[in-house]
Amino acid sequence: MKISLAQRRARLGVRHHLAAPAATVEEAAGGVVALHATDPASVFLAAWARAPEVGVADVERALYEDRTLLRLLGMRRTVFVAEVATAALVQAGCASDIAVKQRKLLEQHLGTVGHPTNVEDPPSWLADVAASVEKALRARGSATAQDLVDDEPRLRQQLHMAKGKPYAAIGNVTSRVLFQLAVDGRIVRGRPRGSWLSTQYHWAPLDGWLPGGLPPVPPADARAELARRWLRAFGPAPVADLRWWTGWTAGQTKQALAAVAPTEVDLDGEPGLVLSDDLEPVPEPAPWVALLPALDPTPMGWSARDWYLGPHRPALFDRSGNIGPTAWCDGRVVGAWAQRPTGEVVLRLLEDVGADRAAALEAEAARLTTWLGDTRVVPKFRTPAERELST
């Protein structure tokens, strides 16, 4: 069975809520499995692009009051925001493996690059400090990193990374220990210390933030369900795209797909997979345009991107593979956008899209300018097109 490029783009538009808007931020997140959250602004702007009636307060309510969405570290050691049920799958299917690797790495660093001296018996030291930090956090209910340093002075232990190199740095282990507790599923990032653009958070015990914590899921079951959800949102697609998105090993990917039992299809000469109950074509949506933020989950959902990105990669990605703000028409990237210091959102089209589509994109830019108001958003990872446009 062959699935056309036009059908892949139609599915992207409808299922990612770009051609068929979502009513809530939870629905917007579920349409792409999870929202990227390495850059806090991406969560809010990705929701805005998919749910026109959603404002900053709606996203904050879902994250911090209703707690229907959870911020956690998951696929590819990246921070995401997901619905709670999806977060449980991410924790069991991705984060738990990451936790094992990161703990071993931190123990190694404590024992070899400690400053001014190494830590004796790093595994015992780390376990004791982590337990002490968690106890202090439970006593407070929620706390900043500095609060926890005050409670547990051993968080001031330092590491001398890349000693002898031009980029050598000495820093406390505070963030590394909190990262470890978070990826272990013991603590969670709560409200930011500042505005919705802040990258500094109050921390809370996970089972206090969500009564009972996340529901336990066997890792193999979690990976199978994550694969199913990804294929529903991003399929049809090659196996390599799923493995890249999840960060799984080849064996884990194979096992997950065996449980899902997808159907192999032809994607213009390349093999791809689609859920076996998802073979019927999605009706072509009405013409649509969208402005997506840096690190949006749609362009970051596949590793093979030429079918929607075209020749525009050099202008839109930084050197580490992070995408900047993009302009879309009917399932493909056609340009970039940025916010100037005045607050105005401006566009640069990288190809001719016709007068109607260009006008629709300008209208979206004006809508986003109004939505942002006095807020100024600078992407955490700058790209060539965004840098040029923002001046």
Of [x] 21.8, 68; [y] 21.6, 73; [z] 30.9, 87, the label for Rg and Dmax of the Cα atoms in Å derived from the coordinates: [x]
Taking a ≥ b ≥ c as the square roots of the Cα gyration tensor eigenvalues, with a/c under 1.5 meaning rounded and otherwise prolate when a/b beats b/c or oblate if not, region 153-264 comes out prolate
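With r as the distance between the Cβ atoms of ALA220 and THR263 and R0 = 30 Å, compute the FRET efficiency 1/(1 + (r/R0)^6) and round to 0.05. Don't jump to the answer; show the numbers that get you there.
Values: r = 21 Å, r/R0 = 0.71.
After rounding, the FRET efficiency stands at 0.90.
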Given the alpha-carbon gyration tensor of region 182-228, what are the semi-axes of its equivalent ellipsoid in whole angstrom, ordered largest first, with each equal to the square root of 5 times an eigenvalue? 26, 14, 8
Of all the stretches in the chain, which is the longest one without any exposed loop site, taking GluC sites (Glu not before Pro) in a DSSP loop (any state but H, G, I, E, B) with at most 16 other Cβ atoms within 10 Å? 121-343
Which log10 I(q)/I(0) values, to two decimals, does region 248-334 give at q = 0.11, 0.17, 0.23 Å⁻¹ under the Debye formula with one point per Cα? -0.43, -0.95, -1.18
Hits in region 294-336: amide N under 16 Å from the 7 Å Cα→Cβ extension of ARG77, namely 320-322
Contour minus end-to-end for ARG138 and THR342, with contour as 0.36 nm per residue of separation and end-to-end as the Cα-Cα distance? 69.1 nm
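Pop the C-beta distance of VAL84 and LEU279 into the FRET formula with R0 = 30 Å and round what comes out to the nearest 0.05. Spell out each step's value before the answer.
Details: r = 31 Å, r/R0 = 1.02.
So, using R0 = 30 Å, E works out to roughly 0.45.
Please compute the per residue accessible area over region 22-112 with all protein chains in place, 1.4 Å probe, rounded to a whole number of Å². Intermediate results must be reported in sequence, preceding the final value.
On the way: 2780 Å² over 91 residues.
It amounts to 31 Å² per residue over region 22-112.
In the chain, what percent of the accessible surface is made up of carbon and sulfur (1.4 Å probe, ligands and nucleic acids excluded)?
Details: 8700 of 16690 Å².
After summing per-atom areas, the C and S share lands at 52 percent.
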Dimensions in Å of region 183-324 - Rg and Dmax from alpha carbons: 18.5, 51
What distance in nm lies between label points placed 7 Å from Cα along the C-beta direction at LYS104 and ARG156? 3.3 nm
Lysines near LYS2 by alpha-carbon distance under 23 Å, same-chain residues fewer than 8 away left out - which ones? LYS254
For region 293-333, convex hull of alpha carbons as volume per residue, Å³: 68 Å³
Helix 122-140 sits off the longest principal axis of the Cα atoms of the chain, rounded to the nearest 10 on a 0 to 90 degree scale, by 80 degrees
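Give me the extension gain from ASP121 to SER195: residue separation times 0.36 nm, minus the current Cα-Cα distance, reported in nm with one decimal. All intermediate terms of the calculation are to be shown ahead of the outcome.
Values: separation 74, 0.36 × 74 = 26.64 nm, distance 4.03 nm.
Here the answer is 22.6 nm.
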Taking a ≥ b ≥ c as the square roots of the eigenvalues of the Cα gyration tensor, with a/c under 1.5 meaning rounded and otherwise prolate when a/b exceeds b/c and oblate if not, region 301-378 is oblate
Just from its helices, what would the mean residue ellipticity at 222 nm be for the chain, if runs of 4 or more DSSP H residues each count -39500 (n - 2.57) and the sum is divided by every residue, rounded to the nearest 500 deg cm²/dmol? -12500 deg cm²/dmol
In whole angstrom, and with the biggest value first, how far do the Cα coordinates of region 1-118 range along each principal axis? 57, 44, 23
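Return the tail of the calculated pair distribution for region 44-196, meaning the percent of Cα-Cα pairs more than 29 Å apart. Please report the intermediate quantities before stating the final value.
Values: 3018 of 11628 pairs.
That fraction is 26 percent.
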What residue among MET300, MET161, MET75 has the largest mean-square fluctuation in a Gaussian network model of the chain, using Cα springs under 10 Å? MET161
Contact order relative to length of the chain, as percent, for alpha carbon pairs under 8 angstrom and 6 or more apart: 18 percent
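The values are calculated or read from the model by the stated rules, or taken from the named source; none is laboratory data. Since this is a predicted model, take the numbers as computed values, not measurements. As a convention, Cβ positions derive from the backbone with ideal geometry for all residues, glycine included, and neighbour counts pool all protein chains shown. Accessible surface areas use protein heavy atoms only, side chains included; no ligands, DNA or RNA. Shrake-Rupley method; radii C 1.70, N 1.55, O 1.52, S 1.80 Å.
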